[in-house]
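Everything on this sheet refers to the single structure shown next.
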Amino acid sequence: MALKYPDAVRLFQVKPGRKFSLKQHDPGWAGAGEFKDLRKDALKARAVKFLEANVDELAAAQELLYASDIHSVLIVLQAMDAAGKDGTIKHVMSGVNPQGCQVFSFKKPSDEDLDHNFLWRYTKALPERGRIGIFNRSYYEDVLVVRVHPEILDHQKLPPGDRGGKFWDARFDDINRFERHLARNGTLILKFFLNLSKKEQKRRFQARLDDEDKHWKFSFGDLKERAYWNEYQAAFADALKNTSTTWAPWWVIPADHKFVTRALVAGITTASIKRLGLKRPSVTAEQKRLLTRARRELNRGK
């Protein structure tokens, strides 16, 4: 499970400008090489151990991120219902200082949101320098849910015009340019699609129905959207293909095994922040003089 970054790129990153098919990514992937033949319980133990180590490393990386105050990190999570977005956030970010991390979950846009362009409400929630921001669903909903249910466009107060392929290409272009602007100004963008199989989604929905403690998680709306599974898969594939760029690539993360999902997201996030080459701010000669003075004055006290 302790994949090296180049292996993670090869296995899970959507290569910008290349042909892409979701069918090439196995939602039930649970290891390669030495991990392929491990029993599930042994693999889970390795994954949990790897996650624990990365939680500590991520905490250290976040501290450097905050201290340098140059970059911010935006993590985008997209998936079908029951893919484990909430659990991934909870486990991966369990060791991060809450003061340096913010999570936004976006629901139906308000009237104020609809009086602006579709990126406006997300722009307001972007992380400031030194912080990690997590979007639990994001502006990609406007090329996913809205594409599966194009009638939503009737409420977006858009100028009249074609709503065919060119319309969606324009939205992809808007997103790519938006993310390019963010990247140029110091935001590291990490986009994870949690790739859940239809069979596993059914099992998780069934578990919510069977367990009273999970009834609160069940939504008939989720079940309704399941009927559009094929349409969503097509929309996801098109969005991933058209918005995976060198400055903001997509990662397709297998989601049928939660321990695999969490370990991979943690590992890729930690490695990506480390690749920024962050360092603690250097102390000037004047600051050193003041520190010496402070130490001297402190030692004079009781």
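Taken together, the values in this text are just the output of simple stated rules run on the coordinates, not laboratory data. This is a predicted model, so every value here is computed, not measured. Note: ideal-geometry Cβ built from the backbone for every residue, glycine included; neighbour counts use all protein chains shown.
Taking the chain as a Gaussian network, where each spring joins two C-alpha atoms under 10 Å apart, which residue of ARG131, ARG163, ARG121 fluctuates the most?
Evaluated over the chain, the most mobile residue of the options is ARG163.
Scan segment 196-302 for chymotrypsin sites (Phe, Trp or Tyr not before Pro) in coil per DSSP, keeping those whose Cβ has at most 11 other Cβ atoms within 10 Å, and list them by number.
Working: sites: PHE205, TRP216, PHE218, PHE220, TYR228, TRP229, TYR232, PHE236, TRP247, TRP250, TRP251, PHE259; in loops: PHE218, TYR228, TRP247.
In loop regions of segment 196-302 (DSSP not H, G, I, E or B), there are no sparsely surrounded chymotrypsin sites (Phe, Trp or Tyr not before Pro).
Report the rotationally averaged projected area of the chain based on its alpha-carbon convex hull, in square nanometres. Walk me through the intermediate numbers first.
Working: hull surface 85.6 nm².
Mean orientational projected area (the chain, Cα hull): 21.4 nm².
Bin width 10 Å, alpha-carbon pairs only: give the P(r) of segment 93-187 as whole percents, running from 0 to the bin holding the largest distance.
Result, from short to long distances: 13, 43, 30, 11, 2 percent.
Say the cut-off is 20 Å between C-alpha atoms; which of LYS44/LYS214; LYS49/LYS191; LYS15/LYS191 go over it?
Beyond 20 Å between Cα atoms: LYS44/LYS214; LYS49/LYS191.
Which ³J(HN,Hα) values in Hz, rounded to whole numbers, follow from the phi angles of segment 202-207 under the Karplus curve 6.51 cos²θ - 1.76 cosθ + 1.60, where θ = phi - 60° and Gly and Pro get x?
Here the 3J(HN,Hα) series is 4, 4, 6, 4, 4, 5 Hz.
Would you mind calculating the relative contact order of the chain from Cα pairs under 8 angstrom and at least 6 residues apart, reporting the percent as a whole number?
Across the chain, relative contact order equals 34 percent.
Taking the Cβ of each residue in SER110, SER272 as the centre, tally the other Cβ atoms inside 10 Å and list the residues starting with the fewest.
Values: SER110 9, SER272 18.
The fewest-first ordering by Cβ neighbours comes to SER110, SER272.
Taking θ = phi - 60°, what integer Hz values does the Karplus form 6.51 cos²θ - 1.76 cosθ + 1.60 yield along segment 151-161, in sequence order, with x for Gly and Pro?
Once rounded to whole Hz, the list reads 4, 4, 4, 5, 9, 8, 6, 8, x, x, x.
Would you work out if segment 242-302 is rounded, prolate or oblate? Take a ≥ b ≥ c from the square roots of the eigenvalues of the alpha-carbon gyration tensor; rounded if a/c is under 1.5, else prolate when a/b is larger than b/c, oblate otherwise.
It comes out oblate by the Cα gyration axes.
Quick one: what are the phi-derived ³J(HN,Hα) couplings along segment 112-123, Karplus 6.51/-1.76/1.60 with θ = phi - 60°, whole Hz, x for glycine and proline?
Coupling constants for segment 112-123: 5, 4, 6, 7, 10, 5, 5, 8, 4, 5, 7, 4 Hz.
Can you give me the three principal axis dimensions of segment 1-116 from its C-alpha atoms, in Å, biggest first?
Taking max minus min along each principal axis of the Cα atoms, segment 1-116 gives 53, 37, 29 Å.
With r as the distance between the Cβ atoms of ALA59 and THR284 and R0 = 22 Å, compute the FRET efficiency 1/(1 + (r/R0)^6) and round to 0.05.
With a Förster radius of 22 Å, E is 0.20.
Please give the helix 285-300 orientation as an angle from the longest Cα principal axis of the chain, in degrees from 0 to 90, rounded to the nearest 10.
In the chain, helix 285-300 runs at an angle near 60 degrees to the longest axis.
Put one equal scatterer on each alpha carbon of segment 127-243, apply the Debye formula with no solvent term, and list log10 I(q)/I(0) at q = 0.11, 0.14, 0.15, 0.21 1/Å to two decimals.
Per q value, in the given order, log10 I(q)/I(0) is -0.51, -0.79, -0.87, -1.24.
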